[in-house]
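> Structure provided below as structure tokens; questions to follow.
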Amino acid sequence: MLEVKMYEFTPHGDARGELVSIEENKDVPFDIKRCYYMWNTTPGVRRGFHAHKQLEQVLLCVHGSCKIHLDNGTDTAEVLLDKPNVGLYIANDMWREMYDFTEDAVLMVLASTYYDESDYIRDYDAFLQYVRKEG
Ligand code: TYD
């Protein structure tokens, strides 16, 4: 069974609405070098299909919901993200796929490094070889 690490960020809600703040090395365990988000996802689409050698991330579905498939080469997990203040931590060496996006879903990602294509493993068999060699 793959152990999943979730972060629950404190919402600073009042009569005006909700607000969440996330600080690097305090609320998440890394420098936040990059933030990106995806929305308007085509219904039924599945994306991701890669792992990272170094990158750590926290994924938050800040609107709507989606699911994340995780695979460390041995075990898998399915995680529903449906709360704007709850994030999923994904360490390096973890295969991920994102799916079941609702039409209104906005998936935001906080990332520990700048975009670097050489950090990606985009082939599943290569990923299995990589983690088995490392382990
Ligand atoms: P891609 O890796 O295909 O997305 P996903 O993993 O969600 O399937 O990224 C889509 C495009 O966006 C691709 O052309 C690379 C580009 N991109 C950046 O330029 N910077 C980034 O930080 C990310 C995540 C992607």
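The values are calculated or read from the model by the stated rules, or taken from the named source; none is laboratory data. Computed from a prediction, not measured in an experiment: that's the story for all the values here. Because the Cβ atoms are built from the backbone with ideal geometry, glycine has one as well, and the counts that use them run over all protein chains shown. Areas reflect the complete protein model, heavy atoms only, side chains present, ligands, DNA and RNA absent. Shrake-Rupley method; radii C 1.70, N 1.55, O 1.52, S 1.80 Å.
> With the calculation restricted to Cα positions, what are the radius of gyration and Dmax of the chain in angstrom?
Rg and Dmax of the chain, Cα atoms, are 15.1, 54 Å.
> Hey, with R₀ at 30 Å, roughly what FRET efficiency would Y99 and K26 work out to, going by the Cβ-Cβ distance, to 0.05?
Efficiency computed from Cβ-Cβ geometry: 0.45.
> Measure nothing fancy, just the Cα-based angle from helix 124-134's long axis to the longest principal axis of the chain, in degrees from 0 to 90, nearest 10.
80
> Within the chain, what whole-number % of the accessible surface is contributed by carbon and sulfur, with the 1.4 Å probe and all protein chains included in the calculation? Numbers along the way, then the final one.
Numbers: 3870 of 7960 Å².
For the chain, the apolar C and S fraction of the accessible surface comes to 49 percent.
> Ok, one more. With θ set to phi - 60° and the Karplus curve 6.51 cos²θ - 1.76 cosθ + 1.60, what are the ³J(HN,Hα) couplings of the stretch 51-57 in order, to the nearest whole Hz, using x for Gly and Pro?
Karplus-based 3J(HN,Hα) across the stretch 51-57 equals 10, 10, 6, 10, 4, 10, 9 Hz.
> Using r as the Cβ-Cβ distance of D82 and V45, and R0 as 22 Å, what FRET efficiency do you calculate, to the nearest 0.05? Could you put the intermediate results ahead of the total?
Working: r = 18 Å, r/R0 = 0.81.
After rounding to 0.05, the efficiency reads 0.80.
> To continue, here is another question. Tabulate in residue order the Karplus-calculated ³J(HN,Hα) for the stretch 70-82, using 6.51 cos²θ - 1.76 cosθ + 1.60 with θ = phi - 60°, rounded to whole Hz; enter x for Gly and Pro.
Ordered by residue, 3J(HN,Hα) equals 10, 8, 9, x, 10, 10, 10, 8, 10, 10, 8, 10, 9 Hz.
> Taking a point 7 angstrom from the Cα of S118 along the C-beta vector, which residues in the stretch 17-59 have backbone N less than 15 Å away?
53-55
> Here's another thing I want to ask about it. In a GNM of the chain with a 10 Å cut-off on Cα contacts, which of N92, N25, N72 has the highest mean-square fluctuation?
N25
> With a cap of 16 neighbouring Cβ atoms within 10 Å, and only residues DSSP puts in a loop, list the trypsin sites (Lys or Arg not before Pro) found in the stretch 97-135.
R122
> Could you provide, to the nearest whole Å², the per residue accessible area of the chain with probe 1.4 Å?
59
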